[in-house]
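Read through the structure below, which is laid out as structure tokens, and then see the notes.
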Amino acid sequence: MTTVTALAIFLLQSAIFGLFIVAVRRRNVAAAINAMAAFVLALLPVVVEIVLPVILTRSVLFGSVLPVWLAAAGFLHSLGMLGLYESIWWWDHLTHTVSAALVAALLYAGVIVTLPDIAGIGNSSGLVVTVTVVSTFAIGVFWELIELVAREVGERFDIEPVLIHYGWRDTAVDLGFDVVGALLVIGTDLRIFVPLMEQFPGVTGAVLVGSGWIVFVGSVLMALLVGLGSSMRS
């Protein structure tokens, strides 16, 4: 990692923490929680690189792109929670595209490492494209359902929701930009995270399968919860 990259990561992480302080000063609980979550996520690669060798006596190198991308996505989202989502119409589209592209890039690399024979054909492989786009879309649905559940919890207990749901039209648009992010990764054949996944090919496959089940089961349960909440109000 170069000095410039390390400085960029530090500045982005510091900026996120600064947004957390701003949210606390404004007594904006939702923005503060989101900023803190983004800050922790931005620090995660660094923490894992330090802790993993101690626990498993094996190291992992995340490189510089993942920490920068995580921090940038977290910064954009945290800034949006402080008012830009409402004041700038395209801000939500930007954050969804950036975040979804990161998810898609990780999925794309994971599929390539898990299915090397098929992925070796290139980004023209229908299976690689389908798995990446559909999985990114499914994770987008999962996130939108989390927002809906947050709304239900907020209304049930009369508290400010941690995440804000802006309506079904906004959900559809968000999912559309999630797909745009995935298609940008596929279209550019972005394999930047393949070296990361190749360090732990077995774990990569297990994480893909496990994450798929979590997203599927979680989405079904949350959809039932949202449906139950809506029926109780009607």
> So, in the stretch 142-164, of the ones that are crowded, with 18+ Cβ neighbours inside 10 Å, modelled with pLDDT of 90 or more and touching a helix residue (DSSP H, G or I) at 6+ places or on another chain (Cβ under 7 Å), which residue ends up farthest from Leu225 (Cα to Cα)?
Replying inline: Glu144
> Which residues, taken from the stretch 134-160, are acidic (Asp, Glu), in contact (Cβ under 8 Å) with a residue 60 or more places away in the chain and within 25 Å of Gly212 (Cα to Cα)?
Replying inline: Glu152
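Restricting attention to the stretch 165-196, and to residues there that are modelled with pLDDT under 90 and buried (at least 17 other Cβ atoms within 10 Å of the Cβ), which single residue is farthest from Arg27 (Cα to Cα)?
Let us first name the residues in the stretch 165-196 that are modelled with pLDDT under 90, namely 165-171.
Still in the list and also buried (at least 17 other Cβ atoms within 10 Å of the Cβ): 165, 171.
On the way: His165: 20, Thr171: 27 Å.
Per the criteria, the residue is Thr171.
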>> Show the residue pairs meeting these rules: Cβ distance below 9 Å; 6+ apart or different chains; first residue within the stretch 36-65 and surrounded by 14 or more Cβ atoms within 10 Å (Cβ to Cβ); second residue part of a helix (DSSP H, G or I) and of a type in the set (Asp, Glu).
In response: Val60/Glu49; Phe62/Glu49
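Here is a list: Leu43, Leu7, Leu19, Leu52. Which entry is assigned to a helix (DSSP H, G or I), out of contact with any Phe, Trp or Tyr (no Cβ under 6 Å at 6 or more places or on another chain), in the same structural domain as Gly74 (by TED's automatic domain parsing) and under 16 Å from Leu82 (Cα atoms)? Don't jump to the end; show me each part of the working.
Details: Leu43 fails: under 16 Å from Leu82 (Cα atoms); Leu7 fails: under 16 Å from Leu82 (Cα atoms); Leu52 fails: under 16 Å from Leu82 (Cα atoms).
The conditions single out Leu19.
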>> For the list (1) free of Cβ contacts under 8 Å to residues at least 12 places away in the same chain; (2) assigned by TED's automatic domain parsing to the domain that holds Met36, I need the number of the one condition that Pro116 fails.
In response: (2)
>> Quick check on Ala100: is it assigned to a helix (DSSP H, G or I), surrounded by 24 or more Cβ atoms within 10 Å (Cβ to Cβ) and not assigned by TED's automatic domain parsing to the domain that holds Ala32?
In response: yes
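The values are calculated or read from the model by the stated rules, or taken from the named source; none is laboratory data. Bear in mind the structure is a predicted one, so any value in this text is a computation, not a measurement. Note that each Cβ is placed from the backbone with ideal geometry, even for glycine, and that neighbours are counted across all protein chains shown.
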